Amino acid sequence: MMMTDKSFDRSYFFERLERNRELAKQSQNPVIRDLHLEYVRLYQQLIREEQPA
């Protein structure tokens, strides 16, 4: 399990997720688009791991 610094709250991860989603939509380069989508996937994973059980 990845440990995250408590200085980052969930809103930060949601903000980064949405920003990368937007950048992926705007990108004309498929390689760059895939990088943004990978960040989206990683932020989604972090958000899931941060949820209390």
**Message:** If I ignore ligands, DNA and RNA and count only protein heavy atoms, how much of E22 is accessible to a 1.4 Å probe, in Å² to the nearest 10?
**Reply:** 80
**Asked** By how many nm would the segment from Q26 to Q51 grow when fully extended, if each residue of separation counts as 0.36 nm and the alpha-carbon distance is taken off?
**Response** 6.0 nm
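The values are calculated or read from the model by the stated rules, or taken from the named source; none is laboratory data. Everything numeric in this text was worked out from a predicted model, so none of it was measured. Keep in mind that these areas ignore ligands, DNA and RNA; they rest on the heavy atoms of the full protein, side chains included. Shrake-Rupley method; radii C 1.70, N 1.55, O 1.52, S 1.80 Å.
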